[in-house]
Amino acid sequence: MKFLKKHLLIIIIFTFLTSFIVFKVLEIKNDYENNLNILHNYYTKECVDKTDIDVDMCQLLLEEYISANEYMTPTFFGTIFNLLDSSLILIDFFAFFILTIPTLVGISSLFKDQVLITYLTKQKYSTFLKELFKRFYRYIWLFPIILLIFFLMVYSFTKMSSSSFQFFDYNLVALTNKPILFLAIYLINSLLLSVVYLNILAIALRFKHDYFSAILTSFLIYLAVYLIFAVGVNYIIFQNFLFLDTVGELFTLNGVFAFNVNNAIGPLERLEFAISILLLSSLFVYLAYRSKEKLIIDCEKNNREEL
């Protein structure tokens, strides 16, 4: 009961997101099964239920039925990207808030109420930081687990085929030849970006100890970094200066769910960018928390501000 109360918000979020994904996947599965039933009923009516059966016609209908059955079976990657580009893109849009809002519950009070000062009188600063960042990163499993559930559900009724990729602008080699590797990179990418979001939150909390101020500040940092890459790096440098329209798409902080790749940008390139931005954000976290004295001084200001 104590565990449920402590993690109630993340449990609610996980349940809602999982239910939303299950509903969307079952929608596609039901459409597929309904189409198969219509086809099966037609074949049954024309051949199985008739007493005066035209053998040649039924053989032709049977071949068409088998062929149509194979043709209508959804492809694994086609279904995934159709859903990600339509319904599930909303999750990606709000991913930063989805992860940071429940994470900060219970942590901001350590700073605002000066609880950490009491902790630091009883334990080493390094030990305190280890415990602090354990709490910061305790929900990094959220998006990878939801994606894994999504992949397994789609896999249960689709086929692993490359026939539909001619209609997409994705990196075909990665999708068709090494699907397991691609999905592993997809999950790792969502994990790394989750850590980046939490690093941004940790940086914001270091200087803004109030819960809502920390959330707002972290989002402004996220937005600033996003615009630097999307506008500065992508639009100005790559599109207008180097005339590389697609390569600039690599530099984006979103993509926890919508991990789309095209012929110019493969999954490994996406992963390399995620690792780079993770290392950069981790450096800023280190710089923000390296001084124990400055952290204590900033926390002591909270009491004076309240007075």
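The values are calculated or read from the model by the stated rules, or taken from the named source; none is laboratory data. Keep in mind it's a predicted model, so treat the numbers as computed, not measured. Note: ideal-geometry Cβ built from the backbone for every residue, glycine included; neighbour counts use all protein chains shown.
Odds and ends about this structure:
- So residue 176, is it at pLDDT below 75 and β-branched (Val, Ile, Thr): yes
- The residues in region 79-119 that are farther than 30 Å from residue 30 by Cα and not in a helix (DSSP H, G or I) can be counted, and the count is 5.
- Every residue from region 239-287 that is surrounded by 14 or more Cβ atoms within 10 Å (Cβ to Cβ), at pLDDT below 60 and not in a loop (DSSP other than H, G, I, E, B): 239, 247, 248, 249, 250
- Within region 194-224, tally of residues that are without any contact (Cβ under 8 Å) to a residue 40 or more places away in the chain and hydrophobic (A, V, I, L, M, F, W, C): 7
- Residue in region 120-136 that is within 21 Å of the chain's Cα centre (by Cα) and assigned to a loop (DSSP other than H, G, I, E, B) present: no
- Residues (touching a residue at least 12 places away in the same chain (Cβ under 8 Å) and either β-branched (Val, Ile, Thr) or within 16 Å of residue 94 (Cβ to Cβ) (or both)) located in region 225-234: 225, 226, 233
- Scanning region 108-151 for residues that are of a type in the set (Val, Ile, Thr) and crowded, with 18+ Cβ neighbours inside 10 Å gives 140, 146.
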